[in-house]
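J.: Got a structure for you, written out below as structure tokens; questions coming shortly.
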Amino acid sequence: MPMDPLSKLENQSIYIFREAFNKFEHLAMLWSIGKDSTVLLWLARKAFFGHVPFPLVHVDTTYKIPSMIEYRDQLVREWKLELVVGKNEEVLRAGRTFPNGQATRVECCGTLKKDALKAVLDKHHFNGVIVGVRRDEEPTRAKERYFSPRDKNMEWNVADQPPELWDQFKTDFEKGAHIRIHPLLHWTELNIWEYIERENIPIIPLYFANGQGERYRSIGCFPCTFPIKSNARTVREIIEELRHTNTPERAGRAQDKESEDAFEKLRRDGYM
Amino acid sequence: MSAAISMAPTEQLKIVIVGHVDHGKSTFVGRLFHDTGSLPEGKLEQLQHIAERRGVPFEWANLMDALQSERDQNITIDTAQIWFQTQKRQYVIIDAPGHKEFLKNMVTGAANAEAALLVIDAHEGVQENSRRHGYLLNLLGIRQIAVLVNKMDLEDYSQARFQHVETEYRAWLKSIHVEPKVFIPIAAKQGDNIASRSAHTPWWTGPTVLETLDDFRVSEPPDGQPLRFPIQDVYRFDDRRILAGRVESGTIQVGDKLIFHPSNKTSSVKSIERWNVVGTAPAGAGESIGITLTEQIFVERGAIAAHETAPPYELTKFKARLFWLGRQPLQQGRSYKLKLATQEAEVALDALDRVLDASTLQVIQRPNGEALVARHEVAELTLRTKRPIAFDAVSEIIPTGRFVIVDGFDVAGGGIIVDDNYPRRTADSLHKSHDIYWSHGKVTTAQRAGRNSHAGCVVWFTGLSGSGKSTISTELERELFNLGKHAYVLDGDNIRHGLNSDLGFSPKDRKENIRRIGEVAKLFADAGLICITAFISPYRGDRDLVRQMLGPGQFIEVFVNAPMDLCERRDPKGLYAKAKAGQIKEFTGISAPYEAPEKPEIELRTDRLSVAESVTTILEYLNVLDTSGAVMI
Ligand SMILES: Nc1nc2c(ncn2[C@@H]2O[C@H](COP(=O)(O)OP(=O)(O)O)[C@@H](O)[C@H]2O)c(=O)[nH]1
Ligand SMILES: [Mg+2]
């Protein structure tokens, strides 16, 4: 009998985790606190039999919704995780941010997220970074590889990506380069919620409707992320809602909309 | 992106869209999404708006061609994936580029799919990459294929034109042994015969594309095949020692007796490990699990576990069909990295049977017969690995029957292993004697050496037929005898008369022949004799096997080196003449390879040395060893 789709996705993700862990000496996993990176964390524990054998990197912009940080620290304690926090202190001190009116949204993402990430990776010499992006999130991510190289400037050469076939991934690369590993690439937003339901994964409550008919569908920095109209208060209700919606997931993300290829440019430069 | 359907998908199918550049693949995908109501809200308006602002006509293809450079050039550069759902199941649609330049991206997309839609422009007809993609789909193992004859609007929806394209392309598919499911006339831009039957083609009574998709089948996992469980890693996070991996075929359960290749160690499954799952149910194909063993044996990444009753092949040589994507060609004499399941091994091109242009099936002839496979070519060839690897023919077990080749930092090619009468290990040889120890008598090696005034050793001659092995070895034996040493030549013919009379000349039997000779030579050396052997023994791996059987300094490899043309002129038994006439198959140097030793203890250039000089060289070497104490003559 064919395996059910969720189990297929899960088994493939576990395979990718284990390849990454075997091939990279300095491996880390990005953790954005959202539903995807929490599912990612869950899958890591599946792959390594309850352990998370590498540090988690959280890029803190200081503009995250406060309950995200509380939730982060709680899971770190309960699941005994090793956490590394990255922050662009310089830009924050100088106040060159979008909320301060000193940068566009895209510039702000560039310094507070992308540059901060590069600094953490450099400091800890991470050469493999696990990231929870999915192909269905947005069209340039649809072209990603499971093992996706970034050069020493963290740039993504999207016009010349390595071939990837039969689960043989790019694990040989020049010094200074690093590889982004994407174990959730083949999942959809709906799959994520179906899996959360099946596995009973604890999820930050921001995703659930708050009684005023609003919930977050995608979470990030509060100045640039907006809740959607929804009355879904449980995982089941979110699944039902998603099965009937045609609105894209990142509709509540303002930075994607500054120009036609704003997101592509961000990603080519090393954004997640 | 998913259509509004409230039932949970019970299955998912991945479909790749391939075909020549500009034949309308991306347009088809855009239109399919629109016509099935799967476009995200506002997407169509957004794309129309962008086209308007840039002053270019709206293209459905822009849904998939998301990169700025793709929209600028109106081509697909990289493969993309998008989801949609019918009443029957969820689909992942993989759009692939049609330009030859981006073949690696097409392969990436297609290798992930279970079925394919191949798009051909009705107006332009069958083109180079229509054929190449058909060929590659087959090589990549995709058996469910439907052909969409697109842009029928440009041909006034003419049935005759449709049939013309169908006839031509069907013939091509037939020549590469592909049986397509159906040909469908469509106009992607207008949506004809995609989600609903078109009024423009009243003559068409076949299915729409959507109906055809739902008719494809999701492949069954290979549960019923022999077990292949490649080890990905060994974990010791807590008190368990877990072998982690994915069951590629077959099933595995507690109590199963496993044999691990290539070490051939055996142990039994103590537990099947999964996290956050109770019980220890058997695991089937596709499951990423862990196991623990009853006996702690040394196993590492790359080992493949199987049941003893159905082991994989374990060899250093196999035949394959390969496609090459590397910037540098695949060349003889260079070494590459082979990745097969979780195994990695150094690999080189052993023999090149033919190189093909996959869009014409024309055999490519290089000016001076150079053995290389250039970018985008396909080839039938033999590969040789430095150490034995475990594998299956792709016709038997798919996941362990295919591989990629890494050149430098890059995956540069992929291939499938084809059938070739590979020798299978017998059940007997697998039950190899882990519990049998070498028994030591009451006479020691040193005592024997003292009595004989020399230690035992093996002088192993290797070289082409006619290079001088037999002449020199018998002369050496006579000299040693006259010096009062105990020496004996193991002669090929004599051995084949008795001990090896059950063996023929197949590669398997040749290997076994050498192995037995090695074993006998070892016993002779242990008995204190200077054992001389004179066999072509063309394979480095086989000779090294014998070297490993013996102690340090006990194996003296003598490379009897004479140029091929000299050997041919000497031709003492008239064999070269016969081989050239095709009367002897697999004749070393003519139709079978000879692998010269890399670091022989002694090299004899018999084109320059007389027989007496050669014998003296060896005697001197044996005397030299005297000072180090290994052999005293
Ligand atoms: N007239 C007509 N043009 C089409 C049709 N399908 C695609 N095209 C055009 O053919 C061109 C190439 O299409 P595209 O989808 O980019 O081709 P791809 O390279 O195979 O992905 C575009 O200008 C499309 O508008 C069709 O059914 N009829
Ligand atoms: Mg295209």
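The values are calculated or read from the model by the stated rules, or taken from the named source; none is laboratory data. Keep in mind that this is a model prediction, so the values were computed, not measured. Neighbour counts run over all protein chains shown; Cβ positions are idealised from the backbone, glycine included. Accessible surface areas use protein heavy atoms only, side chains included; no ligands, DNA or RNA. Shrake-Rupley method; radii C 1.70, N 1.55, O 1.52, S 1.80 Å.
J.: Rounded to a whole number, what is D in µm²/s for region B:248-363 from Stokes-Einstein with the Kirkwood radius over alpha-carbon pairs (4 °C, 1.567 mPa s)?
T.: The Stokes-Einstein estimate is 74 µm²/s.
J.: Could you tell me what percent of the DSSP beta bridges with both partners in chain A are antiparallel, to the nearest 5?
T.: So the antiparallel bridges amount to about 45 percent of the total.
J.: Indicate the residues belonging to region B:104-127 that lose 30 Å² or more of solvent-accessible heavy-atom surface (probe 1.4 Å) upon moving from the chain alone to the assembly of all protein chains, ignoring ligands and nucleic acids.
T.: Listed in order, they are B:LYS104, B:THR108, B:ALA111.
J.: How big, on average over all directions, is the shadow cast by the Cα convex hull of the protein assembly as shown, in nm²?
T.: With the hull built on Cα positions only, its mean projection is 44.5 nm².
J.: Now a separate question. Count charges around B:ARG236 for me, please; just the other residues with Cβ under 13 Å from its Cβ, Lys/Arg as +1, Asp/Glu as -1.
T.: In short, -3.
J.: Which whole-Hz ³J(HN,Hα) couplings does region A:123-137 yield from phi under the Karplus relation 6.51 cos²θ - 1.76 cosθ + 1.60, θ = phi - 60°, glycine and proline marked x?
T.: So the Karplus estimates, Gly and Pro as x, are 4, 9, 6, 5, 10, x, 10, 8, 10, x, 7, 10, 5, 7, 5 Hz.
J.: Something else now. Hey, what did chain B get for relative contact order, percent, Cα under 8 Å, at least 6 apart?
T.: About 8 percent, as a whole number.
J.: Residues of region B:401-417 that become at least 30 Å² less accessible with every protein chain present than in their own chain isolated, using 1.4 Å: which are they?
T.: B:ARG402, B:VAL404, B:PHE409, B:VAL411
J.: Further question on the same structure: How big is the antiparallel share of DSSP beta bridges in the protein assembly as shown, given as a percent to the nearest 5?
T.: In the protein assembly as shown, DSSP labels about 60 percent of beta bridges as antiparallel.
J.: For region B:453-561, rounded, prolate or oblate, judged on the Cα gyration tensor with a ≥ b ≥ c (square roots of eigenvalues), a/c < 1.5 rounded, else prolate if a/b > b/c?
T.: Prolate shape, in that a/c is at least 1.5 and a/b is the bigger ratio.
J.: Now for a different question. Heads up, I need the accessible area for B:LEU566: 1.4 angstrom probe, whole protein in place, Å², nearest 10.
T.: Surface open to solvent at B:LEU566 totals about 40 Å².
J.: On the accessible surface of chain B, probed at 1.4 Å, how many percent belong to carbon and sulfur atoms?
T.: So the carbon and sulfur contribution to the accessible surface is 50 percent.
J.: Between region A:90-106 and region B:371-403, what is the C-alpha centre distance in whole Å?
T.: Centre-to-centre (Cα) distance: 55 Å.
J.: Heavy atoms only, probe 1.4 Å: what % of the accessible area of region A:74-161 goes to carbon and sulfur, would you let me know?
T.: Whole-percent figure for carbon plus sulfur exposure: 44.
J.: Still on this model: How much net charge surrounds B:LEU103 when only the other residues with a Cβ under 10 Å from the Cβ of B:LEU103 are counted, with Lys and Arg +1 and Asp and Glu -1?
T.: +3
J.: Looking at region A:115-140, which residues lose a minimum of 40 Å² of accessible area between their chain alone and all protein chains in place, measuring with a 1.4 Å probe and not counting ligands or nucleic acids?
T.: So the qualifying set is A:ARG135, A:ASP136, A:PRO139.
J.: Roughly how large is the B-A contact in terms of buried accessible area, totalled over both chains, probe 1.4 Å, nearest 100 Å²?
T.: 6300
J.: Keeping all protein chains in place, calculate the accessible area per residue for the protein assembly as shown (probe 1.4 angstrom), answer in Å².
T.: It amounts to 42 Å² per residue over the protein assembly as shown.
J.: Between region B:498-565 and region B:116-180, how far is it from one alpha carbon centroid to the other, in angstrom?
T.: 55
J.: Dividing the alpha-carbon radius of gyration of chain A by 2.2 N^0.38 Å (N being the number of residues), what value is obtained?
T.: 0.97
J.: Using alpha-carbon pairs under 8 Å, 6+ residues apart, how would you state the relative contact order of region B:483-559 in percent?
T.: 37
J.: Also, quick follow-up: Can you tell me the 0 to 90 degree angle between the C-alpha axis of helix B:159-175 and the longest principal axis of chain B, rounded to 10?
T.: 10
J.: Just reorder A:ARG145, B:ARG496 by solvent-accessible area, largest first, 1.4 Å probe, all chains present.
T.: From most accessible down to least: B:ARG496, A:ARG145.
J.: To the nearest 10 Å², what's A:TYR146's accessible area with a 1.4 Å probe?
T.: Roughly 10 Å² of A:TYR146 is accessible to a 1.4 Å probe.
J.: When the scattering of chain B is computed by the Debye formula from its Cα atoms alone, each counted once and equally, what is log10 I(q)/I(0) at q = 0.11 Å⁻¹?
T.: So the normalised log intensities work out to -1.13.
J.: Shielding by partners for A:153-165, please: the mean number of other protein chain Cβ atoms within 10 Å of each residue's Cβ.
T.: 6
J.: Give the dimensionless ratio obtained when the Cα radius of gyration of region B:229-307 is divided by 2.2 N^0.38 Å.
T.: Against the compact-globule rule of thumb, the ratio is 0.97.
J.: How large is log10 of I(q)/I(0) for region B:319-428 at q = 0.22 Å⁻¹ when the intensity is taken from the Debye formula with one equal scatterer per alpha-carbon?
T.: Summing over Cα pairs of region B:319-428 leads to -1.28.
J.: If I take all pairs of Cα atoms in region B:95-236, what percentage of them are more than 18 Å from each other?
T.: In whole percent, the share of Cα-Cα pairs in region B:95-236 beyond 18 Å is 61.
J.: Can you tell me, using C-alpha contacts under 8 Å and at least 6 residues apart, the relative contact order of region B:450-625 as a whole percent?
T.: 33
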